[in-house]
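Asks: This is the structure, below, for whatever I ask next.
The values are calculated or read from the model by the stated rules, or taken from the named source; none is laboratory data. As the structure is a computational prediction, the values presented were derived from the model and not from experiment. Please note: Cβ atoms are built from the backbone with ideal geometry, for glycine as well, and neighbour counts cover all protein chains shown.
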Amino acid sequence: MAIISLGSMAFDAIETPFGKVDKIVGGSGTYVAYAASHLTQPIQQISIVGNDFPHEEIDELQKRGVQFDGVEIVPDQKSFFWSGKYHLDMNSRDTLVTDLNVLANFNPQVPETYQGAEYLMLGNLMPTLQLSVIEQLRKRPDLVVLDTMNYWMATAMEDLKKVLLKIDVLLINDSEARELSNEYSLVKAAKKILQLGPKFLVIKKGEHGALLFNEDRVFFAPALPLEEVFDPTGAGDAFAGGFIGHIDHTKNISFENMKTAIIVGSAMASFCVEKFGPQRLKEISRQDIDKRLSEFVQLSNFNISLV
Ligand code: AMP
């Protein structure tokens, strides 16, 4: 069947220690769509753009099985614009500009053609919009995955808590997990967060990998040690796209299969950071992905004989 993916489609200006770009295509939904479409199709996109969003980008996404019935194109307004600057360690960044533009009045509508989708990926956006999409679906998807950020914890915690009650998997990074739980230990944080609604929790730790929690179980996936991280923008969204893409491809929502899904997510994130914007996600082939997945297997595969 299909994945419904809600997220921003945007222009970004990015500055890293390796360079600077003034206006490239970005947005959480764009990265999710590029990453997921390598693993499964169609991706049923829900988003909003202005008349400035490039037609070539829409064509490119459509060629990859991304459906646009749920993407509103507002003729006389600009697309969402975000600008960020990374610190030297590349793990932290400052947001310099957030121009909501079309996002300010976004009221996502689930088209009739999307009803019945098996999986729902709620990308980073206002929690009220994430909730609205869940509520419009007549059949509950088999798995609802949500990505969010500290900004919403600071400005819309009550709305976020309402959405958390309705999802299955929460994807956040370590500092967000600490902020959401008021616990420094990630194990304690996970216990508290799993009481807020989600059955599964993925805590991303950037270059230090990701943890998957469910009930009393925990799994750790490493991040590939890369010689150069060029631009981390969208890594979290590429991770999400790889994760949900693998779930749809395999149609299996068990803990065991989610372990593989977070390895696939980590692989897509490792490609994403190799170039500015979603460029690298557009270039890679199935062979590149398989090669990288085997590098992940090698990374933590060892023999031990226990006496
Ligand atoms: P990530 O690096 O995974 O956090 O994702 C970065 C992408 O998210 C950029 O391409 C931005 O356009 C987009 N983004 C940044 N802030 C927001 C926001 N408040 N709402 C929606 N999308 C955002």
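Yes or no, residue by residue, for (1) modelled with pLDDT under 95; (2) away from the ligand (no atom under 15 Å from the Cβ); (3) closer than 20 Å to A238 by Cβ:
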position: V66; (1), (2), (3): no, yes, yes
position: Q77; (1), (2), (3): no, yes, no
position: E112; (1), (2), (3): no, yes, no
position: G116; (1), (2), (3): no, yes, no
position: L129; (1), (2), (3): no, no, no
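Asks: When the stretch 194-219 is examined, which residues are found to be touching a strand residue (DSSP E or B) at 6+ places or on another chain (Cβ under 9 Å) and assigned to a strand (DSSP E or B)?
Replies: F200, L201, V202, I203, K204, A210, L211, L212, F213, N214, V218, F219
Asks: Let me ask something else about it. If A261 satisfies every condition in (1) closer than 27 Å to E118 by Cα; (2) surrounded by fewer than 17 Cβ atoms within 10 Å (Cβ to Cβ); (3) under 20 Å from the mean Cα position of the chain (by Cα); (4) free of Cβ contacts under 8 Å to residues at least 60 places away in the same chain but one, which is the exception?
Replies: It fails just one condition, (2).
Asks: Turning to a different aspect of this structure: Scan the stretch 79-109 for residues that are crowded, with 16+ Cβ neighbours inside 10 Å and without any contact (Cβ under 8 Å) to a residue 60 or more places away in the chain and jot them down.
Replies: Within the stretch 79-109, N101, V102, F106 meet the criteria.
Asks: Further question on the same structure: Can you find a residue in the stretch 25-37 that is touching a residue at least 60 places away in the same chain (Cβ under 8 Å), surrounded by fewer than 17 Cβ atoms within 10 Å (Cβ to Cβ) and near the ligand (Cβ under 10 Å from one of its atoms)?
Replies: no
Asks: Taking only the stretch 1-24 into account, find how many residues are within 11 Å of the ligand (Cβ to nearest atom) and in a strand (DSSP E or B). Quick ask: steps written out before the conclusion?
Replies: Keep residues of the stretch 1-24 that are within 11 Å of the ligand (Cβ to nearest atom), which gives 6-14, 24.
Right, trim to in a strand (DSSP E or B) and you get 6, 10-14, 24.
Qualifying residue count for the region: 7.
Asks: Hey, could you check the stretch 110-136 for residues that are of a type in the set (A, V, I, L, M) and touching a residue at least 60 places away in the same chain (Cβ under 8 Å) and say which is surrounded by the most Cβ atoms within 10 Å (Cβ to Cβ)? If you could, list the steps in order and put the result at the bottom.
Replies: Keep residues of the stretch 110-136 that are of a type in the set (A, V, I, L, M), which gives 110, 117, 120-122, 125-126, 129, 131, 133-134.
Now drop any that are not touching a residue at least 60 places away in the same chain (Cβ under 8 Å), which leaves 110, 117, 120-122, 125, 129, 133.
Numbers: V110: 22, A117: 22, L120: 28, M121: 34, L122: 30, L125: 26, L129: 21, V133: 22.
By that ranking, first place goes to M121.
Asks: Further question on the same structure: Could you please tell me which pairs satisfy a Cβ distance under 6 Å, a separation of 6+ or placement on different chains, a first residue in the stretch 223-238 that is under 19 Å from A36 (Cβ atoms) and in a loop (DSSP other than H, G, I, E, B), and a second residue that is aromatic (F, W, Y) and within 16 Å of the ligand (Cβ to nearest atom)?
Replies: G234/Y31
Asks: Another question, if that's okay. Which is more than 30 Å from Q195 (Cβ to Cβ), assigned to a helix (DSSP H, G or I) and of a type in the set (V, I, T), of V163, V102, V133, V71? Explain how you work it out, then say what you get.
Replies: Values: V163 fails: more than 30 Å from Q195 (Cβ to Cβ); V133 fails: more than 30 Å from Q195 (Cβ to Cβ); V71 fails: assigned to a helix (DSSP H, G or I).
Only one candidate passes the filter, namely V102.
Condition check ((1) farther than 25 Å from V187 by Cβ; (2) among the acidic types (D, E); (3) over 16 Å from the mean Cα position of the chain (by Cα); (4) within 16 Å of the ligand (Cβ to nearest atom)) across all residues:
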| site | (1), (2), (3), (4) |
| --- | --- |
| L211 | no, no, no, no |
| N214 | no, no, yes, no |
| A221 | no, no, yes, no |
| D231 | yes, yes, no, yes |
| H246 | yes, no, no, no |
